[in-house]
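Q: What follows is a structure written as structure tokens; I'll ask about it next.
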Amino acid sequence: MPQHDPRALLKDGMARHQAGDLDGAERLYRKAAASRPADADAHNLLGVVARQRGDARAALRHTGRALALQPEAPVFLANHGGALAEAGELREAVGFFRAALRRRPEDPVALRNLGQALAALGDAGSALEPLGRAAALDPDAPEPRLALAHARREVGDAEGAAAAAEAALARSAPDSALAAQARFLLAALGRAAVPDRAPTGYVRDLFDGFAERFDADLAGGLGYRTPELLAATLRDAGAPAGEGRGLDLGCGTGLSGLALAPLVRRLEGLDLSPRMLALARRRGVYAALHQADLLEWLPGHPAAFDLVAAADVLNYLGDLRPALAGIAGALRPGGFAAFSLEAGEGNGGAPFALGATMRYRHDRAHAAALAAEAFEVVSQSEATLRQERGAPVAGVLMVLRRRGRGG
Ligand SMILES: C[S@@+](CC[C@H](N)C(=O)[O-])C[C@H]1O[C@@H](n2cnc3c(N)ncnc32)[C@H](O)[C@@H]1O
């Protein structure tokens, strides 16, 4: 292959790309772009690689260059839209998906991306049509069906949601992340067994999609108060102020970090969602941020913290035992744990139930009994955590103290 032939370089790059060799593909795409800077395909493919690496900013540079060279190409418009959505620019992304679809109306991926961006913007109603078309155009694909199921659930169509989730499940490998998400949705609709926790892929995708409007929605219209309430209950419980190392579990965009920071000398944050973490980083209240699942991360950090808090996070876990054991293990003796739970009236005596909201509600007495195995239960108080569809979400705030010396 002559190394200077951009077409041959791209062809070889695409073969490597398909084989999963991102580094090899990127090297060849870069060579092609260097030898022919006006090659829009090379820039577009570099954008695809950057998106796969999760580098939305680099992706935007490449897809923007491809579009500048060929502004009418539907593939480039759709890829640029994808990069914008991944960078959290959902409104702009919708414009590019629509522009791509005007030029190529039957593109199932652009239709699905359009539907998912609309749903992430809070307009599930408008997402139904593109998602339905995406599903019809791609009869074997589970992804558009799962996205359609979520949109239908959000508009209150439980029957339709269950049918689409069943269809997604039937098209997924049984132990795939997608199947777990479809089963979780069916469980929330009361049509499948309730798992012990929300699938990590579901939580990550949910908050990645929600990140950009999280602060405005929660602190604004939804009257979210959990971080301030938790910090106040910790102060009331005698937690030291301004000392030690703290961990904000499921820190999200850092609203909870703002409330917790005055309680410790050094605050770290942990979250599953890279886009929530990117916003938390900008807030500047965390000395370190970790992208991880809390159940996996905590056991690797024994007796590392003086305070561990989780505001509006443990409602993505059903069985609290592993989380409480992880928190206890990560605390020094005498250290404080504080978290909110959604209140579980109507659980029928079960320790937890999964609501149609796709969050878990916990039985307060059961949670306190579990906590008492490793902690002194310092306080448990009822609180309104936020509003949802105009109704208050009732919760419990728990403050615990790790048993042992110093306790
Ligand atoms: C409703 S937000 C709350 C964010 C923040 N604590 C606050 O009060 O603003 C829940 C956060 O918990 C994170 N989360 C949920 N389950 C998690 C887990 N198992 N491990 C790590 N993070 C998790 C989500 O990604 C999301 O950012």
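The values are calculated or read from the model by the stated rules, or taken from the named source; none is laboratory data. Here the structure is a predicted model, which is why all the values come from computation and not from measurement. Cβ atoms come from the backbone with ideal geometry, glycine included; neighbour counts cover every protein chain shown. To get the accessible areas, we keep the full protein, side chains included, count just its heavy atoms, and leave off ligands, DNA and RNA. Shrake-Rupley method; radii C 1.70, N 1.55, O 1.52, S 1.80 Å.
Q: Check each of the trypsin sites (Lys or Arg not before Pro) in the range 348-396 and keep only those in coil by DSSP with at most 13 other C-beta atoms within 10 angstrom; list them in order.
A: Counting only loop positions with at most 13 other Cβ atoms within 10 Å, the trypsin sites (Lys or Arg not before Pro) in the range 348-396 are Arg389.
Q: What residue among Asp175, Asp306, Asp55 shows peak mean-square fluctuation when the chain is described by a Gaussian network model with Cα springs under 10 Å?
A: It is Asp175.
Q: Also: Counting only protein heavy atoms and a 1.4 Å probe, tell me what percentage of the chain's accessible area is made up of carbon and sulfur.
A: So the carbon and sulfur contribution to the accessible surface is 52 percent.
Q: Looking at the range 332-407 from every direction and averaging, what is the projected area of its Cα convex hull in nm²?
A: That works out to 5.3 nm², a quarter of the Cα hull's surface.
Q: Let me ask something else. Just name one of Ala180, His150, Ala83: the one whose Cα is farthest towards the positive end of the charge dipole of the chain (beta-carbon charges, Lys/Arg +1, Asp/Glu -1).
A: The listed residue farthest towards the positive side: Ala83.
Q: About its Cα centre, how strong a charge dipole does the range 8-79 have in debye, to the nearest 20, once Lys and Arg get +1 and Asp and Glu get -1 at the Cβ?
A: Once rounded to the nearest 20, the dipole reads 180 debye.
Q: First select every other residue whose beta carbon is under 13 angstrom from the beta carbon of Thr63; then total the charges, Lys and Arg +1, Asp and Glu -1. Don't jump to the answer; show the numbers that get you there.
A: Details: positive: Arg51, Arg57, Arg61, Arg65; negative: Asp41, Asp55, Glu86, Glu89, Glu92.
Once positives and negatives cancel, what remains is -1.
Q: Could I ask something else about it? Trypsin sites (Lys or Arg not before Pro) within the range 249-326: which are DSSP loop residues with at most 14 other Cβ atoms inside 10 Å? Don't jump to the answer; show the numbers that get you there.
A: Details: sites: Arg265, Arg266, Arg275, Arg281, Arg282, Arg283; in loops: Arg265.
Hits after loop and neighbour filter: Arg265.
Q: List residues of the range 159-182, by number, whose backbone nitrogen lies under 13 Å from a label position 7 Å along Cα→C-beta of Asp217.
A: No residue qualifies, since no backbone N sits under 13 Å from the label point.
Q: Excluding ligands, DNA and RNA, what is the solvent-accessible area per residue of the range 204-402 at a probe of 1.4 Å, expressed in Å²?
A: That works out to 39 Å² per residue.
Q: Scan the chain and report its longest stretch carrying no GluC sites (Glu not before Pro) that are both in a DSSP loop and have at most 16 other Cβ atoms within 10 Å.
A: Excluding the exposed sites themselves, the longest stretch runs over 107-242.
Q: Take the Cα radius of gyration of the chain and divide it by 2.2 N^0.38 Å, with N its residue count; two decimals is plenty.
A: Rg over 2.2 N^0.38 Å, computed on Cα atoms: 1.09.
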